[in-house]
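The next block holds one structure in the form of C-alpha cells; read it before the comments.
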Amino acid sequence: MTRAATDLPGEQPAPTAAQMKKQILFRRWFAVIFVSLSVTAIYFGWFVTRNVRDDAKQTDIQLRSVAWAIMSYSVANNAMPTSQDEFVKFISANEQCLSAPRRAGEWPASQEDAQANVVAADIAAAVAGRVEVIWPPTGNLTPVLQVRGRPSGLGTIEQVNGWLQNWNHDAATAAQ
C-alpha cells in the first residue's frame, strides 16, 4: 500500500517546524497580553475601590459633623433649624457650643463620640458640598440628611438621621 492509500480523508499533514514556531510564539504573546491585562484590571479595581472608600470616609465625617451641629443648634434655640442660611450663621457665630455636653439618649454623648474619634469637618463647607439637608418648614420637625451622589459608609446616613429623629422626639416629649 502506498502512503496516499493509508491517509484518512480530511486528515491534515503534520505542521512544519516554521508553523510550530509561529504557534508557540502566538501562544506566548497571547499569555503575556492576557496576564498584563489581568494585572491592569486588578490594579485599576484596587485603586478605584480605595478612592471610593476614602471618599466615603470623608462623607461620613461630614454627615456626623452636620448631625451634631444640628443637635447643638436645637439645644441653643429650642427648635430645629429650618434653613441653611440660618444654620450656617448660627454655627459660624457659636462654634464653642458644638463641644458642650448633651443630655443622654440614643445619640452620641459627646462630639468626639459623634465623630467616632475623628476630627470634625467644616460644617458650612459640608452643608454646601457633600451633605444635602432637607430643611423642615417648621422648627418642630426634623431635618433629613442625605449625600449628593457621594459614597457613604454602610448605615451612616440611617444612623445620623436616627440620631436626629430620636433627639427631636425626646425634645418634643420633654416639652409636653
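Where a number appears in this text, it was derived from the coordinates with a stated rule and is not lab data. These figures come from a predicted structure and were not determined experimentally. Because the Cβ atoms are built from the backbone with ideal geometry, glycine has one as well, and the counts that use them run over all protein chains shown.
By the count of neighbouring beta-carbon atoms within 10 Å, fewest first, S92, S72, S65 end up ordered S92, S72, S65.
Under the 0.36 nm per residue contour assumption, what length would be gained going from the current alpha-carbon distance of C97 and R53 to full extension?
Working: separation 44, 0.36 × 44 = 15.84 nm, distance 3.10 nm.
That works out to 12.7 nm of additional length.
Applied to the stretch 70-87, the Karplus parametrisation 6.51 cos²θ - 1.76 cosθ + 1.60 on θ = phi - 60° returns per-residue 3J(HN,Hα) values of 5, 5, 5, 4, 4, 5, 6, 10, 6, 6, 7, x, 10, 8, 5, 4, 4, 5 Hz, with x for Gly and Pro. Annotation: amide H of V147 within the under-5 Å range of E132, sequence separation 5 or more or interchain, hydrogens built in the peptide plane.
For the stretch 87-158, what is the charge dipole size about the Cα centre, in debye to the nearest 20, if Lys and Arg each add +1 at the Cβ and Asp and Glu each add -1 at the Cβ? Show your work: numbers first, answer last.
Working: 6 positive and 7 negative charges, 39 e Å.
Rounded to the nearest 20 debye, it is 180 debye.
Order the peptides 153-166, 12-25, 51-64 from the highest to the lowest mean number of other Cβ atoms within 10 Å of their residues. Can you show the working numbers first?
On the way: 153-166: 16.3, 12-25: 9.2, 51-64: 18.1.
Ranking the peptides 153-166, 12-25, 51-64 by packing returns 51-64, 153-166, 12-25.
The phi torsions of the stretch 18-31, fed into the Karplus equation with coefficients 6.51, -1.76 and 1.60 and a -60° offset, translate into couplings of 5, 5, 4, 5, 5, 5, 5, 4, 4, 5, 5, 5, 4, 5 Hz, rounded to whole numbers, with Gly and Pro shown as x.
How big is the dipole moment of the stretch 36-175 about its Cα centre under a simple scheme where the beta carbon of each Lys and Arg is +1, that of each Asp and Glu is -1, and everything else is neutral? Debye, nearest 20, please.
On the way: 10 positive and 13 negative charges, 50 e Å.
With Lys and Arg at +1 and Asp and Glu at -1, about 240 debye.
Taking amide H as placed 1.01 Å from N in the peptide plane, S152 has no amide H partner under 5 Å among residues 5 or more places away or on another chain. Determine, at each q value in 0.08, 0.16 (inverse angstroms), the log₁₀ of I(q)/I(0) that the Debye formula gives when each Cα of the chain is one equal point scatterer. Evaluating at q = 0.08, 0.16 Å⁻¹ gives log10 I(q)/I(0) of -0.42, -0.93. Between A104 and E11, the contour length at 0.36 nm per residue exceeds the alpha carbon distance by 24.8 nm.
For the stretch 128-144, 3J(HN,Hα) computed residue by residue from phi via the Karplus equation (6.51, -1.76, 1.60; θ = phi - 60°) reads 7, x, 6, 9, 9, 10, 8, 7, x, x, 10, x, 8, 9, 9, x, 10 Hz, glycine and proline entered as x.
Which whole number in µm²/s is D for the stretch 41-109 by Stokes-Einstein, with the Kirkwood Rh taken over Cα pairs at 37 °C and 0.692 mPa s? Write down the numbers at each step before the final one.
Values: Rh = 14.2 Å.
This corresponds to a translational diffusion coefficient of 231 µm²/s.
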